[in-house]
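One structure below.
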Amino acid sequence: MIKENVLVVDDSILICEIVEKKLASNNINVIKAHDGKSALKIVKEVKPNLILLDLLLPDTDGYSICEKIKNTPSTSDIPIIFLTSQVDKNSIVKAFNVGAIDYISKPFNAIELNVRVKAHLENKRTKDALKQANIELENALIENRRLAYTDRLTGLYNRYYFLEHINKLIEKSKLNNLPLWFILFDIDDFKKINDTYGHYQGDCVLKNVASIIEKYFSHTGISCRWGGEEFISSVYGINEEDLEITIQNICNEVANYNFKYNDINIHCTLTVGISKFDYSLNIDENIIISDKAMYYRKRNGKNGYYFSK
Ligand code: GH3
Ligand code: MG
Ligand code: MG
C-alpha cells in the first residue's frame, strides 16, 4: 500500500515528534517542518495529502501559509487542519476563512487527532478519485467527438464535421466580404482501381489523395471526405486566379503521384467541380452546384476542373 504523506508544521520539535508518534503507521508517513519557509518548500516538492498547521510560527503565521497554499492551483486541494492553542471564535473563523478544513486544539487528544486526520485523508482520496474520473470522462468525450467527426480511413474530417462547422466559415467570409469556395473532388474511374488492384490498394489511393488535398487547404478552410471516393473542401479568402492555380497543382500532384503496387504504378486522376458560395442559397443547394460542375467536367473529359459560373 502506498503511504500517504502528512506534513506537520510546528515550531516545537517536541510537538512534531508527538504527532509523528501518534500518527505514523503502515498508511501514514509524517513529514515535519518547523517554520513557514521550509513548510512551503515541502508542500511544493512533496504535495502532501494533508497538512497539520500551527498558527504561530517563527517566521510567519499559519494563516498566511494556509492562504499561499490555497491560492496555488497545484496545492489548493490539500486539506489543512489547524493545530492550535488559540481556540477563540475569531481565530477559528479566520482559519476557516483562509481555507482550513478543520482545527484541532492543543494540547490534543491522540484519538481525536487520528480520527480527524483519517477522516480528512479519506475525504481527499474520494475527491481525488472523483477528479480523476472526471478528467477521464472529459478525455473520453473529446476522443468520442474526434472519432465522430473523423473519417477512419483517411484521417480527414467527415461530412458531419463539415456540415456542423461550415456556418462559421460562411459567417467569416460574409463579415470580411471575402469569397468562399466549395470544391468537390472525385477520383476518376476509382472502381477500376479497386477491380484491378484490389480494395486494399484502393484504400491506399484514397489515403494519399486525402493527404494531398489536406496539404493544400489545411490553412485556408475545411477539407473532408464527403463519401466514397469524393472529397469536399471549403476554402475562404482566396481569389479565383490563385484558387485555379492551387487546384491545378492538386490535380497534377495526384496525377503524378507514385501509387506503387508490386512494382506497378497505379495511375489516378481527379475531376473537380468548383462553385463560389451563393449566400442566397442554403448549404445543400451550394453543394449541388459544385457537384453539377464536377459532373459537367466529367462529361467533357475527366482529369480536370470546372468553375461553375
Ligand atoms: P467516375 O470516374 O465516374 O467517378 O467513376 P468511379 O469508378 O470513380 O465512380 P463509381 O461511383 O462508379 O465508383 C466508386 C467506387 O468507389 C465504388 C466503391 O466500391 C468505391 N469505394 C467507395 N468507398 C471506398 C473505400 O472506402 N475504399 C475503397 N477501396 N473503395 C471505395
Ligand atoms: Mg463519385
Ligand atoms: Mg469517381
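For GLY228, the conditions (1) touching a strand residue (DSSP E or B) at 6+ places or on another chain (Cβ under 6 Å); (2) at positive phi; (3) small (Gly, Ala, Ser) all hold with the exception of (1). Of the residues that make up the range 260-270, is at least one closer than 18 Å to VAL205 by Cα, of a type in the set (A, V, I, L, M) and open to solvent by 50 Å² or more (accessible area, probe 1.4 Å)? Yes, there is a match, as at least one residue in the range 260-270 is closer than 18 Å to VAL205 by Cα, of a type in the set (A, V, I, L, M) and open to solvent by 50 Å² or more (accessible area, probe 1.4 Å). Looking across the range 281-309, the residues that are over 19 Å from LEU163 (Cβ atoms) and not in a helix (DSSP H, G or I) come down to ASN300, GLY301, LYS302, ASN303, GLY304, TYR305, TYR306, PHE307, SER308, LYS309.
Here's the yes/no breakdown for (1) within 35 Å of the chain's Cα centre (by Cα); (2) free of Cβ contacts under 8 Å to residues at least 60 places away in the same chain:
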{"position": "ILE170", "(1), (2)": "yes, no"}
{"position": "LEU184", "(1), (2)": "yes, no"}
{"position": "ILE187", "(1), (2)": "yes, no"}
{"position": "ASN194", "(1), (2)": "no, yes"}
{"position": "VAL209", "(1), (2)": "yes, no"}
{"position": "ILE213", "(1), (2)": "yes, yes"}
{"position": "TYR216", "(1), (2)": "yes, yes"}
{"position": "GLY227", "(1), (2)": "yes, no"}
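Being modelled with pLDDT of 95 or more and more than 16 Å from ligand 2 (Cβ to nearest atom): is that true of ASN258 here? In short, no. Run SER211 past the list (1) more than 16 Å from ligand 1 (Cβ to nearest atom); (2) surrounded by fewer than 17 Cβ atoms within 10 Å (Cβ to Cβ) and report the number of the one that doesn't hold. (1) is the only condition that SER211 fails.
Please work out if ASP151 is within 16 Å of ligand 2 (Cβ to nearest atom) and either in contact with a helix residue (DSSP H, G or I) (Cβ under 8 Å, 6 or more places away or on another chain) or touching a residue at least 24 places away in the same chain (Cβ under 8 Å) (or both). Yes; evaluated as a whole, the condition is true for this residue. THR60 - would you say it is more than 27 Å from SER25 (Cβ to Cβ) and open to solvent by less than 80 Å² (accessible area, probe 1.4 Å)? Yes: the conditions hold for THR60. The residues on offer are CYS224, CYS268, and the sole one that is more than 21 Å from LYS302 (Cα to Cα), of a type outside the set (S, T, N, Q) and within 16 Å of ligand 2 (Cβ to nearest atom) is CYS224. Given the structure, is GLY202 within 15 Å of ligand 2 (Cβ to nearest atom), open to solvent by 30 Å² or more (accessible area, probe 1.4 Å) and either without any contact (Cβ under 8 Å) to a residue 60 or more places away in the chain or closer than 18 Å to SER308 by Cβ (or both)? Judged against the criteria, GLY202 is not a match. Number of residues in the range 182-192 that are open to solvent by less than 10 Å² (accessible area, probe 1.4 Å) and more than 10 Å from ligand 2 (Cβ to nearest atom): the value is 2. Name the single residue that is nearest to ligand 1 (Cβ to nearest atom) among those in the range 184-208 being part of a helix (DSSP H, G or I) and of a type in the set (Asp, Glu). Among those residues, the one meeting the criterion is ASP203.
The values are calculated or read from the model by the stated rules, or taken from the named source; none is laboratory data. Here the structure is a predicted model, which means the values were calculated and not measured. Because the Cβ atoms are built from the backbone with ideal geometry, glycine has one as well, and the counts that use them run over all protein chains shown. Each accessible area value is taken on the protein alone, full model and side chains, heavy atoms only, with ligands, DNA and RNA left out. Shrake-Rupley method; radii C 1.70, N 1.55, O 1.52, S 1.80 Å.
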